[in-house]
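The values are calculated or read from the model by the stated rules, or taken from the named source; none is laboratory data. Here the structure is a predicted model, which means the values were calculated and not measured. All Cβ positions, even for glycine, are placed from backbone atoms using ideal geometry, and neighbour counts span all protein chains on display.
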Ligand code: 16G
C-alpha cells in the first residue's frame with residue numbers, strides 16, 4: 001500500500017475493530033459486517049476495508065466461514081511454557097476436547113539432528129509420529145515427533161489417534177517424563193501445513209522444538225511442532241532475580 005492517506009485509514013479501521021473486540025462490544029462468534037457494508041458505513045473504499053480485514057485475519061482476530069461470512073474468533077489458546085504437558089493434558093485442563101489425526105507413522109533411521117537430540121547412533125531406528133492435533137475439532141498443531149525404537153519397541157501398534165502418547169509411554173513402557181527443553185521460532189505455513197491447519201499459505205506459525213527427558217535423564221522424545229500463530233499464545237511465569 002503506497003498511498004499514506006489510505007494507509008492511515010486502514011490502520012484506523014484495524015484499531016477501531018480491535019478496540020471494539022477488547023471492550024467486548026464485539027464478542028467471539030459475532031458476525032462482522034460485510035466488506036461492502038463496512039465500506040459504506042465507514043465511507044472508505046472496499047480495498048481499504050479489505051486490507052484492514054486481512055490484517056485482522058493474520059492476527060487471528062477474525063476468521064471466515066465459507067458461505068456464512070466473517071466472525072470474531074474465539075480467544076487464543078494459552079500454552080503454559082514452564083510446565084510439561086502432553087497435548088491431551090493441556091487441552092483437557094482448558095476444558096477443550098483433544099483430538100488427533102495420524103498423518104505418518106514410520107520406523108526410520110535417525111537423521112543427524114534426531115540422533116544428536118535423542119542420543120541414539122546415527123542411522124539407528126526411531127519411530128516418527130506425525131499427527132495433526134485438534135482442539136474441539138479445530139486443527140491447531142502439526143506434530144513431528146521422534147522416539148528411540150529401542151526404548152519403545154512396538155510403539156507403532158498403538159492407536160495414536162485415540163490415545164495419548166505420553167500416557168502410553170508411562171503405562172506400557174514405564175517411562176515417566178520428568179523435564180524438557182524447548183525452543184520457539186516463528187515461521188510461515190507452507191502448502192501442506194496451510195492445507196492441514198486450514199490457514200492461508202504463508203500464515204504465521206510457531207515452531208516449538210522439544211526434547212523431553214525421563215526421570216533417569218534419558219532423552220525419550222524429540223519433537224518439532226507447528227502451532228497456529230493466529231490461535232496460540234505462549235505464557236510463562238518468571239521470578240525476579242534482579
Ligand atoms: C505435545 C508435545 C509433543 C508430544 C505430545 C504428546 C509440545 C510442544 N509438544 O504436543 O512433543 O508428543 O504433546 O501428546 O508440547 P499426547 O500425549 O496427547 O499424545
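Just a few scattered comments:
- Qualifying residue in the range 191-201 (condition: closer than 18 Å to residue 85 by Cα and in the same structural domain as residue 170 (by TED's automatic domain parsing)): no
- Only a single criterion out of (1) more than 10 Å from the ligand (Cβ to nearest atom); (2) surrounded by 13 or more Cβ atoms within 10 Å (Cβ to Cβ); (3) at pLDDT 95 or above is not satisfied by residue 199, namely (3).
- Listed conditions (1) more than 18 Å from the chain's Cα centre (by Cα); (2) within 16 Å of the ligand (Cβ to nearest atom) are all met by residue 29, apart from (2).
- Residue match in the range 20-35 (condition: closer than 30 Å to residue 234 by Cβ, assigned by TED's automatic domain parsing to the domain that holds residue 206 and free of Cβ contacts under 8 Å to residues at least 24 places away in the same chain): no
- Which listed residue, of 120, 114, 126, is touching a strand residue (DSSP E or B) at 6+ places or on another chain (Cβ under 8 Å) and assigned to a loop (DSSP other than H, G, I, E, B): 120
Let's see how each residue does on (1) more than 10 Å from the ligand (Cβ to nearest atom); (2) without any contact (Cβ under 8 Å) to a residue 24 or more places away in the chain:
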position: 104; (1), (2): yes, no
position: 124; (1), (2): yes, no
position: 130; (1), (2): yes, no
position: 135; (1), (2): yes, no
position: 139; (1), (2): yes, no
position: 147; (1), (2): no, no
position: 160; (1), (2): no, no
position: 163; (1), (2): no, yes
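- For the residues 172, 143, 185, the requirement of being outside the structural domain of residue 64 (by TED's automatic domain parsing), outside any loop (DSSP other than H, G, I, E, B) and either touching a helix residue (DSSP H, G or I) at 6+ places or on another chain (Cβ under 6 Å) or surrounded by fewer than 13 Cβ atoms within 10 Å (Cβ to Cβ) (or both) singles out 185.
- Condition check for residue 177: closer than 21 Å to residue 92 by Cα, within 11 Å of the ligand (Cβ to nearest atom) and in contact with a helix residue (DSSP H, G or I) (Cβ under 9 Å, 6 or more places away or on another chain): yes
- Qualifying residue in the range 96-103 (condition: outside any strand (DSSP E or B) and either assigned by TED's automatic domain parsing to the domain that holds residue 156 or closer than 28 Å to residue 147 by Cα (or both)): yes
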